[in-house]
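Novice: Following this message is one structure expressed as structure tokens.
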Amino acid sequence: MKQFNLELPVGITWIQVISSSGSPVGDDGTSESVTNRLDRELLVAARNEADWILVSGRTFLSERYKASRRAPIAVITGSSQTASDVEALIAQNQPVDESKPINLFKSVDEFLTEAGGAEANKILLESGRTMAKSLLNLGYLTGAIVSVTGNLTDSGKEAIDALCHDLGASKSHFQLKFEVAELRIWAYQSTL
């Protein structure tokens with residue numbers, strides 16, 4: 001088992017897995033079909049460092065989230081229908097044993113107010129590009145950890161280029177941090 005030594009910074013760090021083609025989901029519509037063992041180990045290491053896990057209502061529903069033992073989950077949704085669906089899934093998956101609570105918020109600002117602010121917490125964003133781009137544009141996103149999986153011949157650079165295009169982020173802020181046959185980990189820091 002590969003041990004990832006992560007020190008999640010204070011602020012909001014986006015974690016995302018994408019295939020070598022740049023897709024965050026596979027044929028099943030979830031990240032499960034693009035992830036692999038090492039990427040899942042990275043996710044666990046990041047969650048172990050987080051004070052909060054932040055996710056959109058859409059991602060929460062499509063990925064069928066359950067309560068985490070590592071950090072409380074904050075679900076953001078402004079849609080009343082999505083909020084109802086999220087509440088139903090939360091009711092099915094309320095914390096058991098040592099699991100942390102799942103909390104529903106109408107906005108990121110409401111969540112940050114409740115949590116005490118991004119500058120006081122290590123927040124792991126586990127949502128798609130729409131939420132990441134919004135937080136980046138608002139100046140809330142302080143970093144990213146992007147795993148590129150699959151048969152890689154270019155260190156995942158093409159997938160990162162496509163991701164940067166979608167986000168409107170500078171490619172110069174991404175650096176390759178880890179490379180093995182089936183996984184490349186790229187890191188982004190807004191301060192680079």
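Novice: Any idea of the accessible area per residue across the stretch 89-147, 1.4 Å probe, to the nearest Å²?
Specialist: On a per-residue basis, the stretch 89-147 sits at 50 Å².
Novice: Computed FRET efficiency, Cβ-Cβ of Lys157 and Gln92, R0 45 Å: what is it to the nearest 0.05?
Specialist: 0.65
Novice: Same structure again: What relative contact order, as a whole-number percentage, does the chain give when Cα pairs under 8 Å and 6 or more residues apart are counted?
Specialist: Taking the mean separation of contacting Cα pairs over the length of the chain, I get 29 percent.
Novice: Right, another one. Whenever you get a sec, compute what percent of the accessible area on the stretch 51-192 sits on carbon and sulfur atoms (1.4 Å probe).
Specialist: 46 percent
Novice: Here is a follow-up. With +1 on each Lys and Arg Cβ and -1 on each Asp and Glu Cβ, and nothing else charged, work out how big the dipole of the chain is about its Cα centre, in Debye to the nearest 20.
Specialist: 160 debye
Novice: A further question on this structure: Which entry is the computed log10 I(q)/I(0) by the Debye sum over Cα atoms at q = 0.11, 0.19 Å⁻¹ for this structure: (1) -0.46, -1.44; (2) -0.71, -1.29; (3) -0.41, -1.33?
Specialist: After the calculation, the listed value that fits is (1).
Novice: Got the relative contact order for the stretch 86-168 handy, in percent, Cα pairs under 8 Å and 6 or more residues apart?
Specialist: Computed value for the stretch 86-168: 18 percent relative contact order.
Novice: Tally the DSSP beta bridges in the chain and give the antiparallel ones as a percent, rounded to 5. Please report the intermediate quantities before stating the final value.
Specialist: Values: 13 of 36 bridges.
So the antiparallel bridges in the chain amount to around 35 percent.
Novice: Please get the size of the charge dipole for the stretch 1-96, origin at its Cα centre, with Cβ charges of +1 on Lys and Arg and -1 on Asp and Glu, quoted in debye to the nearest 20. Mind showing how you got there, number by number?
Specialist: Values: 9 positive and 11 negative charges, 44 e Å.
I would put it at about 220 debye.
Novice: Okay, moving on. Step through the table entries Lys66/Lys177; Lys133/Lys157; Lys66/Lys100; Lys100/Lys133, compare each Cα-Cα distance with 21 Å, and write down the pairs that go over it.
Specialist: Result: Lys66/Lys177; Lys100/Lys133 exceed 21 Å.
Novice: List every residue whose amide H lies under 5 Å from the amide H of Leu141, counting only residues 5 or more places away in sequence or on a different chain, with H placed 1.01 Å from N in the peptide plane.
Specialist: Under 5 Å from the amide H of Leu141: Leu136.
The values are calculated or read from the model by the stated rules, or taken from the named source; none is laboratory data. The structure displayed is predicted, hence computed values, not measured ones. Cβ: placed from backbone, ideal geometry, glycine included. Neighbour counts: every protein chain shown. Calculation scope for accessible area: heavy atoms of the full protein, side chains included, ligands and nucleic acids excluded. Shrake-Rupley method; radii C 1.70, N 1.55, O 1.52, S 1.80 Å.
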